[in-house]
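Trainee: Below are the structure tokens for one structure; questions will follow.
The values are calculated or read from the model by the stated rules, or taken from the named source; none is laboratory data. Since we're looking at a predicted model, the values are computed, not measured. Every residue, glycine among them, receives a Cβ derived from its backbone with ideal geometry; neighbour counts consider all protein chains shown. Heavy atoms of the whole protein, side chains included, go into the accessibility calculation; ligands, DNA and RNA do not. Shrake-Rupley method; radii C 1.70, N 1.55, O 1.52, S 1.80 Å.
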Amino acid sequence: MKQTENTGPAIELNRLTKRFGDFTAVDGFSLTVRSGEIFGLLGPNGSGKTTIINMISGLSKPTSGEAKVLGHNIIHDTRVVYAALGSVPQETALYEELDAWTNLSIHATLYGVHRSERDRKITDMLNLVQLYERRHSRVSSFSGGMKRRLALARALLHDPLLLYLDEPTLGVDVQSRRAIWNYILDLKKKEGKTVLLTTNYLEEANALCDRIAIIDHGKLVALGTPIDLKRRYGDTVMEIETASSVSPQLSAKLSILPGVSEVIQKDKILKVTMSGDELSLTGQLITLVTQEINIKKISQREPNLEEIFLSLTGSGLRD
Amino acid sequence: MNILNIYPAYRSLLVIWVMAIKDIRSSLTERAFMVTSIIIPINFLLLFLLFALTGGQAPTAIVLEDKGPYAQQFLSAMEHSHSFIIQQTTNTDAQNLMKKGQIVAIVTVPGSFDSLLRQGKQAQLRVVLNNLEVDFTNDIRRAVPLAITSFYANAFPNQVVIRAHEVDTYSHDTGYVQYLVVSLMVVSVMLGGLLQAGSNAAREYEKGTIKELMLAPASLWAIQIGKILGALLLNSLSVVVMIIVIVFLIGVWPEHWDELFAFVLLLMITFVALGSLIGTLVRRRQAVIPLSIGLSIPVFFISGAFGPAIWGDQVTATITQLQPVYYGIAIFQHAFHNFTTTSTSPAINGFILAGFAAVIVAISALTLINGRGRGVVH
């Protein structure tokens, strides 16, 4: 058995379904994660993210459908997949009563890291996450951020091709979050690793992910790059401050332009909400306004992932 | 990079060793729990012994209104009946003790006892009985006539024409405590093994670290065997203390030390594996403790703890042969006292116990493996 080399997709999910009694947690979910990308799974609590991760990692058997990781069926080639997989579960799964070095040493044995390389690799990983000085401290004495960093070091110890990160910055402070983001970005940039992460933080997904899948009620709701998603599902708001009040005729003319969803006029302020390809539309709007009146100031607010997320998944509270 | 290119058997041995050491180190950091795991089995042993010491014989007051030789001989017969804890008192003191509930019976030897016997007349012994508990009551009802018979056989040897000629199977008698303590050791080994291994297994689920094990490309057989080994080594601490208590404190010296060590190891493997199985199934340490105690006590009572189980009723005797404690008690009674308490020989009992150990280790490992597919979490 050896760590697999993969040139195809890192993960292929084909109509993956998981039912718990009458409740369908994941419903015919299909997805492809390309090798070398950082892919984000976004969804509200209880949307099925962790269930999907558990099925991809073989910790939960799908009710139906198939999950292939690095070209291998996770059910049939479990150990081959595990050898190439690094995982940071939400709860970190560290032995908190033991020290950092021992945690990594146990992992090294479980993953078959050769004894001659073990100490060097552990040292390298602890240095990478800046915990080498604390190598003999019990993990229970670490902060949340330090534990996450140690869990990341552990996941990287056996040099995996693919990393699962389940809520990698949950409950960590801003400094630690930035540090973890940098490690994750470096994994892709310097080592070409594939990263699949779940997160509740839209800012995190925006900063890290090449592509994002938004899921809700166990189904894929949207898929694309952050820019794509904003373009497809987000609204850009252009705010135009004019020298004098805009006529109702101009407002009406603007509101019927294709791509303009709303025009609000208040004194000398004109707010135009645009959806779709806003680049050409922006030019048209400015031309029409300047034909009637002088423009003093223009500002444009980009759509953000949070608005898109809420518009796709609803704003109701989730358990 | 080939990370799994180490020879698989060697790699599995490494995993077993690392898991064992990991569990030992983890347990040692939780001192309170560690102490509990050692103390509870020893506590179990000592408390049951105390129960046996205090509960075996009926506290009885004897009032000798006659101090003659026959009365003294009768007192001696009662003292040697192994049924009473005798206190010789005055009638007033005896009544007070009875009122306070400190004795089960008052046996009064009347003032005319010696003279009546010398005249060949009938003498009445007054027996006042606190019959609130039928077991003790029946003890007195059986033991007083036996003491009278024994007295008669000694005092008037020519008048008692029927005598029992006893041929002993074993060269010496074995006391109740000496017999019971061996049975108690088996069930204490069981309790210690269940607690230690059950807690080690459940801890992985409680703390979420089971994911690290489940996601590793290592053999789950090796992981579970490693956990069993770790619990076995920890459990051996309480077993060593138990052996010291039994041999040096209670004074029960094993007849076959080699059998003792071989079978104690086999028993520990069996119960530690069973503990791992329970911990893997219930996944909570809080549930492991009551389950272990709840399992050990009934099994103890049906497995021939107080005497060979095959002397009991047939249904119980048949049921008890389906579980390892029965064989454990049998081979320990042989190791300590050279006793045969089952219809099967000690060697066969050993093989059966080895079979139990192998099957339970396998089920325990398969349960962990099955858990990978069924989902560590949902």
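Trainee: Counting only residues 5 or more places away or on other chains, whose amide H sits under 5 Å from the amide H of B:I62 once H atoms are built in the peptide plane?
Mentor: Residues meeting the amide H criterion: B:Q87, B:Q88, B:T89, B:V107.
Trainee: Can you list residues whose amide H is under 5 Å from A:I212's amide H, if they're 5+ apart or on another chain and H is modeled 1.01 Å from N?
Mentor: For A:I212, whose amide H was placed from the backbone, the distant partners under 5 Å are A:G40, A:G224, A:T225.
Trainee: Counting heavy atoms of the protein chains only and a 1.4 Å probe, report the per residue accessible area for chain A as a whole number of Å².
Mentor: 44 Å²
Trainee: Now for a separate question. List the residues of region B:169-216 that lose 20 Å² or more of accessible area once all protein chains are present, compared with their chain alone (1.4 Å probe, heavy atoms only, no ligands or nucleic acids).
Mentor: Hits at the 20 Å² cut-off: B:K207, B:G208, B:T209, B:K211, B:E212, B:L215, B:A216.
Trainee: Say the dipole of the protein assembly as shown comes from +1 at the beta carbon of Lys and Arg and -1 at that of Asp and Glu; which of B:A147, B:T137, A:H217 then lies farthest toward its positive end?
Mentor: Of the options given, the answer is A:H217.
Trainee: Between A:H114 and B:L366, what FRET efficiency comes out of the Förster formula 1/(1 + (r/R0)^6) with R0 = 22 Å and r the beta carbon distance, rounded to 0.05?
Mentor: 0.15
Trainee: Between helix B:31-55 and chain B, what is the angle of the helix's C-alpha long axis to the longest principal axis, kept within 0 to 90° and rounded to the nearest 10?
Mentor: It is inclined by approximately 20 degrees.
Trainee: Okay, moving on. Need one number: % antiparallel among DSSP beta bridges in chain A, to the nearest 5.
Mentor: Values: 39 of 57 bridges.
Taking every DSSP beta bridge with both residues in chain A, the antiparallel ones total about 70 percent.
Trainee: Something else: Mind listing the long-range amide H neighbours of A:V88? Cut-off is under 5 Å, sequence gap 5 or more, other chains count too, H placed in the peptide plane at 1.01 Å from N.
Mentor: HN-HN under 5 Å from A:V88: A:Y164, A:L165, A:D166.
Trainee: Need one value for B:16-27: mean number of C-beta atoms belonging to other chains within 10 Å of its residues' C-beta atoms. Can you show the working numbers first?
Mentor: Values: counts 1, 1, 7, 3, 0, 4, 9, 1, 0, 6, 5, 1.
Mean number of neighbouring Cβ atoms from other chains: 3.
Trainee: Quick one: which of A:104-115, A:60-71, A:154-165 comes out on top by average Cβ neighbours within 10 Å, and what's the full order, highest first? Display every interim value, and only then the final one.
Mentor: Working: A:104-115: 21.5, A:60-71: 19.8, A:154-165: 23.3.
Packing order, densest peptide first, comes out as A:154-165, A:104-115, A:60-71.
Trainee: I want to check the label-to-label distance for A:K266 and A:V221. Put each point 7 Å from Cα in the C-beta direction and report it in nm to one decimal.
Mentor: The answer from the label model is 2.8 nm.
Trainee: Also, quick follow-up: Which aspartates and glutamates, if any, have their Cα less than 12 Å from the Cα of A:K230, not counting same-chain residues under 8 positions apart?
Mentor: Partners found: A:D277, A:E278, A:E302, A:E306, A:E307.
Trainee: Return the sequence-ordered ³J(HN,Hα) values of region B:330-340 in whole Hz as given by the Karplus equation 6.51 cos²θ - 1.76 cosθ + 1.60 applied to θ = phi - 60°, using x for Gly and Pro.
Mentor: Working through the residues one at a time gives 4, 6, 6, 4, 6, 5, 7, 10, 6, 7, 10 Hz.
Trainee: If r is the Cβ-Cβ distance from B:T92 to B:A354 and R0 is 41 Å, what FRET efficiency results, to the nearest 0.05?
Mentor: Values: r = 63 Å, r/R0 = 1.53.
Between B:T92 and B:A354 the formula returns 0.05.
Trainee: Now, a different point. If you count, for each residue, the other Cβ atoms within 10 Å and average over each peptide, how do B:274-286, B:161-173 line up from highest to lowest? Intermediate values should be presented prior to the final figure.
Mentor: Working: B:274-286: 22.5, B:161-173: 6.4.
Most protected by this proxy first, the peptides run B:274-286, B:161-173.
Trainee: Taking a quarter of the surface of the convex hull around the Cα atoms of region A:11-225, what do you get in nm²?
Mentor: 11.5 nm²
Trainee: Spelling out what I want: for every residue of region A:54-68, take phi, set θ = phi - 60°, compute 6.51 cos²θ - 1.76 cosθ + 1.60 (Karplus), and round to whole Hz; glycine and proline get x.
Mentor: Calculated HN-Hα couplings, in order: 4, 6, 5, 8, x, 7, 9, 7, x, 5, 8, x, 9, 10, 10 Hz.
Trainee: Give me the percent of accessible area attributable to carbon and sulfur for region A:235-302, probe 1.4 angstrom. Provide the component values of the computation, followed by the final result.
Mentor: Working: 2050 of 4000 Å².
So the carbon and sulfur contribution to the accessible surface is 51 percent.
Trainee: Now for a separate question. Could you work out how far helix A:278-292 tilts from the main Cα principal axis of chain A, as a 0 to 90 degree angle to the nearest 10?
Mentor: 20 degrees
Trainee: Among A:248-259, B:215-226, what's the highest-first ranking by average C-beta atoms within 10 angstrom per residue?
Mentor: Descending mean neighbour count gives B:215-226, A:248-259.
Trainee: Measure off 7 Å from each Cα along the Cα-to-Cβ vector at B:S343 and B:R25, then give the distance between these two points in nanometres to one decimal.
Mentor: Those two pseudo-labels are separated by 5.2 nm.
Trainee: Take the alpha carbon atoms of region B:277-319, find their center, do the same for region B:323-376, and report the distance between the two centers in whole angstrom.
Mentor: 13 Å
Trainee: Another one. Please report how far the C-alpha centroid of region B:9-60 lies from that of region B:74-132, rounded to the nearest whole angstrom.
Mentor: If we compute the Cα centre of each part, the gap is 46 Å.
Trainee: When the Karplus curve 6.51 cos²θ - 1.76 cosθ + 1.60 is applied with θ = phi - 60°, which whole-Hz ³J(HN,Hα) does each residue of region A:183-192 get, with x for Gly and Pro?
Mentor: 4, 5, 5, 5, 4, 7, 5, 8, 10, x
Trainee: Sticking with this one: Does anyone have the angle between helix B:176-206 and the longest principal axis of chain B? Alpha-carbon axes, 0 to 90°, nearest 10?
Mentor: It works out to around 30 degrees.
Trainee: Take peptide A:99-109, look around each residue's Cβ out to 10 angstrom, count Cβ atoms belonging to other protein chains, and average those counts.
Mentor: If you average over the peptide's residues, the count of other-chain Cβ atoms is 4.
Trainee: Also: For a quick check, take a GNM of chain B with Cα springs below 10 Å and name the residue from B:P308, B:P145, B:P290 with the largest mean-square fluctuation.
Mentor: In the Gaussian network model the winner is B:P145.
Trainee: Give me the net charge of B:H334's neighbourhood, meaning all other residues with Cβ under 15 Å from the Cβ of B:H334; Lys, Arg count +1, Asp, Glu -1.
Mentor: Net of charged neighbours comes to -3.
Trainee: Using the beta-carbon distance between A:S244 and A:E203 and R0 = 51 Å, what value does 1/(1 + (r/R0)^6) give for FRET efficiency, to the nearest 0.05?
Mentor: With a Förster radius of 51 Å, E is 0.80.
Trainee: Describe numerically, in nm with one decimal, the distance between label points set 7 Å from Cα along Cα→Cβ at B:A153 and at B:L132.
Mentor: 3.5 nm
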